[in-house]
Amino acid sequence: MLQQTNAPLNYSTASSLPELWSKLAAHYADYIALDDPHQNPPVKITYQQLNQKIQQFAAGLQAQGIEPDTKIALFADNSPRWFIADQGIMTAGAVNVVRSAQADAAELLYIFTDSDSTVLVVEDKKTLDRLNDQFGDLSIELIVLLSDESVELPERTVFNFSQLMALGKEQQLQSVPRQKNDLATLIYTSGTTGKPKGAMLSHGNFLHQVRAIGDVIQPQPGEQVLSILPSWHAYERAAEYFLLSRGCHLIYTNLRSFKKDLREQQPHYMVGVPRLWESVYDGIQKQLNDQTGSKKKLIDFFLNVSERYIKARRVSQGLSLDNLNPSFLEKSRASVQQSLLQPLHHLADRIVYQTVRQGTGGNLKVVISGGGSLAKHIDDFYEMIGITLLVGYGLTETSPVTHARRQHHNLRGSAGQALPETETKIVDPETKQSLSDGEKGLVMIRGNQLMQGYYKQPEATQKAIDQQGWFNTGDLGWITPTGDLVLTGRAKDTIVLSNGENIEPQPLEDACLRSPYIDQIMVVGQDQRCLGALIVPNIEALQNWSQQNNLNLDFSEAGLQQTLEQASVQNLFREELNREVKNRPGYRPDDRIGVFKLILAPFSVENGMMTQTLKIKRPVVTERYQDMIDGMFAKG
């Protein structure tokens with residue numbers, strides 16, 4: 001019997017995340033909190049059960065002598081047990097240090113040692129076996145598996161999940177009061193040197209998100225949410241904490257089952273990265289393009305009408321980024337066009353878009369995109385078919401959400417307005433002087449979601465956060481008259497792919513420069529599915545290769561460009577890139593350079609593409625070759 005209660009709880013007085021679960025257990029008792037249909041057997045946990053399991057896990061840790069503020073490495077992936085471990089660790093008064101179990105073993109070793117962790121919680125025996133060689137010499141007080149496999153290691157104390165929970169059942173949980181300023185977790189972000197930095201996020205940081213995201217969406221108790229992003233990531237964690245604080249029913253899915261679960265589980269909400277919404281778009285487009293004859297012509301006609309309709313509607317509502325301050329005449333014209341197109345758009349909705357929405361379960365109220373900018377055509381398409389898509393912005397260092405579009409003010413192309421308790425300013429990248437609204441510059445953030453700093457890295461912290469508490473996001477943008485943040489690029493080198501992965505280009509470029517055929521290279525790919533590269537080839541080495549292989553290629557000034565486009569030359573560079581990138585220490589699949597273009601003009605100080613210290617000016621090169629980059633990814 002479901003407890004009938006709809007009013008959300010007030011968390012303004014909460015001091016820590018663990019305080020939430022007992023309140024939620026009392027308020028939403030028999031509502032389903034966590035649901036994993038892909039486990040065998042499937043798992044469903046109510047709010048009451050979730051609170052009990054969190055407390056048992058915490059008591060089990062305490063029974064093994066875990067003291068408050070102990071650093072516990074949690075190397076695992078999405079499951080109800082991950083969540084129980086996450087909050088169980090905090091309830092015991094400890095701090096968790098999180099990363100995917102799939103991460104490179106050397107990276108996990110670095111994170112474990114750098115964070116001063118003394119306890120290891122891992123996904124399963126397979127993960128532990130993979131780490132054993134790397135972790136062999138470390139002093140580890142306790143190892144916990146989130147599986148029920150039995151493991152015995154000489155001179156190690158090892159418990160599986162059920163054993164620890166049984167221990168906790170017999171142990172009285174000792175309350176460990178936590179305050180907002182107490183450290184809750186360390187999340188390691190990629191660094192330009194290849195060594196990640198531990199962002200210190202407090203209980204207060206996450207409680208801000210629990211409070212503030214309610215300004216963006218207002219889910220009701222029992223409404224279903226499909227969860228696909230990594231639970232350890234700041235974006236997904238903040239979303240899960242918030243959604244569960246509202247009594248939602250969280251259903252775990254994965255890339256393989258996502259589209260099927262979308263149809264069958266019929267979620268009301270979803271949080272994802274641009275790549276996810278692109279994949280849904282691609283699937284819908286394929287279905288629409290598979291139509292033939294008059295049906296295909298009708299669909300194309302409707303899509304054209306709807307595109308004109310939404311653009312007119314945006315202008316009439318003052319929500320067009322291309323025309324933020326329309327005149328009375330422009331608004332009137334747009335309003336007339338909207339009225340004329342509305343009947344056809346509604347007909348299209350009944351005939352086409354309603355069926356499309358049924359393919360996504362039919363219940364979606366809102367989908368939220370973050371972790372990178374969303375392509376304009378994707379944004380337009382979701383608006384046309386009647387699925388509300390909101391975009392948020394933030395970084396791991398900001399717990400993470402700082403800005404989001406709202407349903408009542410959904411300015412497409414922007415990252416939306418600031419969340420409550422959040423300040424934004426735009427400054428000159430060089431002088432750090434504040435700029436006026438509408439001027440482009442460096443985005444600075446200040447608010448209750450801002451991290452405490454980078455663990456054991458005071459210099460990096462001081463570089464990121466100034467004395468007034470402003471955080472340098474490294475992103476470039478401007479603010480509209482209505483307070484919406486519009487991002488225009490990056491002041492720092494980090495590339496964020498459309499799947500949300502952060503890639504540092506410099507180590508990849510350094511690796512590729514080992515090839516004798518590559519003279520200069522600049523890796524690109526912001527908001528794309530994969531990385532790309534602009535390459536200045538070493539013509540002399542290429543000529544020698546051509547002669548050795550009797551290829552008789554034309555290296556004259558007139559024929560050189562055509563030579564670079566020859567299949568044999570393209571294949572050579574493809575092999576070189578693949579080899580050098582894969583041979584790089586710490587290689588990840590996302591490091592692969594999927595597309596590239598060979599260019600003849602070297603980057604130089606003279607042509608403005610390099611600094612006096614011979615560093616490539618990435619924004620300048622990107623602007624110079626923007627059309628080529630766009631074309632490269634369009635073909636790829």
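In table form, for the structure just shown:
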item: Within the range 504-635, percent of DSSP bridges classed antiparallel, to nearest 5; result: 60 percent
item: Calculated log₁₀ intensity ratio I(q)/I(0) where the Debye formula runs over C-alpha points of the range 444-493, q = 0.26, 0.29 Å⁻¹; result: -1.06, -1.13
item: Fewest-first sequence of 268, 38, 208 by Cβ atoms within 10 Å of each Cβ; result: 38, 268, 208
item: Per-residue HN-Hα couplings for the range 559-564 [Karplus 6.51, -1.76, 1.60; θ = phi - 60°; Hz; x = Gly/Pro]; result: x, 5, 4, 5, 4, 5
item: Per-residue HN-Hα couplings for the range 8-13 [Karplus 6.51, -1.76, 1.60; θ = phi - 60°; Hz; x = Gly/Pro]; result: x, 6, 9, 9, 5, 9
item: Surface/4 of the Cα convex hull for the range 107-227, nm²; result: 11.5 nm²
item: Nonlocal amide H pairs with residue 489, under 5 Å, H built at 1.01 Å; result: 476
item: The range 504-635, relative contact order [Cα under 8 Å, separation at least 6], %; result: 27 percent
item: Kirkwood Rh, angstrom, the range 282-352 [1 / mean 1/r, Cα pairs]; result: 13.2 Å
item: Residue 106/residue 547 FRET efficiency (R0 35 Å; Cβ-Cβ; nearest 0.05); result: 0.30
item: Centroid-to-centroid separation of the range 18-52 and the range 505-559 [C-alpha atoms, Å]; result: 54 Å
item: FRET efficiency for residue 22 and residue 434, using Cβ-Cβ distance with R0 set to 35 Å, rounded to 0.05; result: 0.20
item: Counting DSSP beta bridges with both ends in the chain, the antiparallel % (nearest 5); result: 55 percent
item: Whole-angstrom gap from the range 389-445 to the range 330-359, using each part's C-alpha centre; result: 31 Å
item: P(r) weight above 20 Å for the range 520-591, C-alpha pairs, percent; result: 39 percent
item: Extension reserve of the residue 40-residue 423 stretch, reckoned as 0.36 nm per residue once the Cα distance is removed; result: 133.2 nm
item: Computed lengthening from residue 256 to residue 634, 0.36 nm per intervening residue step minus Cα-Cα distance; result: 133.6 nm
item: The chain: DSSP helices with Cα axial extent of at least 18 Å and average Kyte-Doolittle hydropathy no lower than 1.0; result: none
item: Local electrostatic count at residue 596 - Lys and Arg +1, Asp and Glu -1, tallied over other residues with Cβ under 15 Å; result: -2
item: Size descriptor, Kirkwood hydrodynamic radius, that averages inverse alpha-carbon separations across the range 517-636, Å; result: 15.4 Å
item: Cα-based Rg and Dmax for the chain, where Dmax is the largest Cα-Cα distance (Å); result: 26.4, 82
item: Under 21 Å from the Cα of residue 296 - lysines, other chains or at least 8 residues apart; result: 286
item: Taking the chain and dividing mean pair separation by its residue count, relative contact order in percent (alpha carbons under 8 Å, at least six apart); result: 10 percent
item: Other-chain or far-sequence residues with amide H under 5 Å of residue 391's (modelled H); result: 369, 405
item: Contact order relative to length of the range 453-507, as percent, for alpha carbon pairs under 8 angstrom and 6 or more apart; result: 19 percent
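No value in this document is a laboratory result; all are computed from the given coordinates. Being a predicted model, the structure only gives us computed values, none of them experimental. All Cβ positions, glycine included, derive from the backbone under ideal geometry; neighbour counts span all protein chains shown.
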